[in-house]
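Accompanying notes for the structure given below.
The values are calculated or read from the model by the stated rules, or taken from the named source; none is laboratory data. Note that the structure is predicted; figures quoted are calculated from it, not measured. As a convention, Cβ positions derive from the backbone with ideal geometry for all residues, glycine included, and neighbour counts pool all protein chains shown.
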Number of protein chains: 2
Amino acid sequence: MATVATRKENGRRAELIRLGVAILTEKGFHNFSLDELVALAGVSKGSFHYYFGGKDAYCLEVIQAYHEYFAKKLDMHLRDTRLSPLERIKAFTEDAATGMQRHHFKRGCLVGNLSQELAALDETFRKALMDVLQDWRNRIRECLEEGKRCGEIRADADTTALSRYFWNAWEGAVMCSKLEQSREPLDDASAAFLAYLVRPEKH
Amino acid sequence: MATVATRKENGRRAELIRLGVAILTEKGFHNFSLDELVALAGVSKGSFHYYFGGKDAYCLEVIQAYHEYFAKKLDMHLRDTRLSPLERIKAFTEDAATGMQRHHFKRGCLVGNLSQELAALDETFRKALMDVLQDWRNRIRECLEEGKRCGEIRADADTTALSRYFWNAWEGAVMCSKLEQSREPLDDASAAFLAYLVRPEKH
């Protein structure tokens, strides 16, 4: 019986995290309502506090869950050896743009939302969000390094700077995509980044 | 006497808008506190409601004021005929990065903050913010067109797409700059955009 109860508890906890990812990705931190969350999950506020303590601790766990979810998505594309390194980056941006379109450009990036709202205000959140962004940069950098090794991008490319630049441009494109309710900003960002990398070979 | 009273009233109204620009640029919409604003301005809440009605109407006016302020800043650089068109864009990004540094990367872009928080949630705000972004794009596009005319960028460049891309990348860089508390994302974005434009001439 204890095992069943524990399993049920873990299931509820996971469900609260899953809902948190969806809500924070669409609404951000300050529009996030605990009442809405517990109503959607069908649990009491008491349960929420039992599982997570408070809103800040909960949101930090949601950031971690989003980080894990997104790392898998990135790996799926960036480690797909059937494609060339630049094709993998294109496949990721295509997948992400299709995902935003499917949610009618209402859901952006959880890290982008919370960074915009909290980076200047809360040091704990700033550091947690910065860690996620740094991990994403490392994943793109590895892919670009592979592109260098196989001669797809020029040998003197600064992959650290390029990976930083990729995410800056991508996060801005996600924001503008929400604003414009269109995938154009995402397609522009992907095309410009890839063209920037391959152009020297063309001329 | 009536004139003095009107002048005083206009002064208070302008001061409330000026403070709103500073607060919304640093804290965004949901962290904006009416209590903080009226305390800073030294006016009563009654006066605030007399001048603006409510928070939404006030914030829409603040967006307009930011729009006017920023348009002047853009014009100052983008119409500076002592510089070449691309040097003007560089001068603008340099000025903006220095401004963020001066405010210790706490103040981002008011349009970016509010877009991230409100674009998916409020249609009136989304349209007002989209109008501002569109105007900024037009200003960069005009400068790029001048760059085409004087041969600084290639004649077949799609200046509409490039101006969209510039702002996507720039807004993302502003966000990452807040997150990283560093001007590097801004410098990266500026350098990559300009290199992207001039590269074909070099090779």
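Residue B:150 meets the conditions (1) over 13 Å from the mean Cα position of the chain (by Cα); (2) closer than 25 Å to residue B:68 by Cα; (3) not small (Gly, Ala, Ser) in every case but one. The failed one is (2). Taken together, the criteria place residue B:105 among residues that are at positive phi, surrounded by 15 or more Cβ atoms within 10 Å (Cβ to Cβ) and of a type outside the set (D, E, K, R). When you go through B:83, B:34, B:40 one by one, which is the residue that is among the hydrophobic types (A, V, I, L, M, F, W, C) and within 30 Å of residue B:195 (Cβ to Cβ)? Just one listed residue meets the conditions, B:83. Give me the pairs: first residue in region B:78-102 and part of a helix (DSSP H, G or I), second residue loosely packed, with under 13 Cβ neighbours inside 10 Å and at pLDDT below 95, beta-carbon distance under 8 Å, and six or more apart or on different chains, which are they? The qualifying pairs are B:85/B:150. For residue B:52, the conditions (1) surrounded by 17 or more Cβ atoms within 10 Å (Cβ to Cβ); (2) within 13 Å of chain A (Cβ to nearest Cβ) are fulfilled apart from (2). Taking the stated definitions as given, is residue A:171 touching a His at 6+ places or on another chain (Cβ under 8 Å), at the interface with chain B (Cβ under 7 Å from one of its Cβ atoms), assigned to a helix (DSSP H, G or I) and under 15 Å from residue B:174 (Cβ atoms)? No. Under the condition of being of a type in the set (D, E, K, R), assigned to a helix (DSSP H, G or I) and modelled with pLDDT under 90, the residues counted in region A:105-146 number 1.
Would it be correct to say that residue A:154 is within 29 Å of residue A:84 (Cβ to Cβ) and not in a helix (DSSP H, G or I)? So residue A:154 fits the description; yes.
Looking at region A:123-158, which of the residues that are among the basic types (Lys, Arg) and exposed (fewer than 13 other Cβ atoms within 10 Å of the Cβ) is nearest to the other protein chains (Cβ to nearest Cβ)? Here the answer is A:127.
Taking the conditions (1) assigned to a helix (DSSP H, G or I); (2) crowded, with 18+ Cβ neighbours inside 10 Å; (3) away from chain B (no Cβ under 11 Å) in turn, residue A:185 satisfies each one other than (3).
Selection of first residues in region B:27-53 that are among the polar types (S, T, N, Q) and of second residues that are surrounded by 13 or more Cβ atoms within 10 Å (Cβ to Cβ) and at pLDDT 90 or above, restricted to Cβ pairs under 7 Å at least 6 apart or on distinct chains, gives the following pairs, ordered by first then second residue: B:44/B:38.
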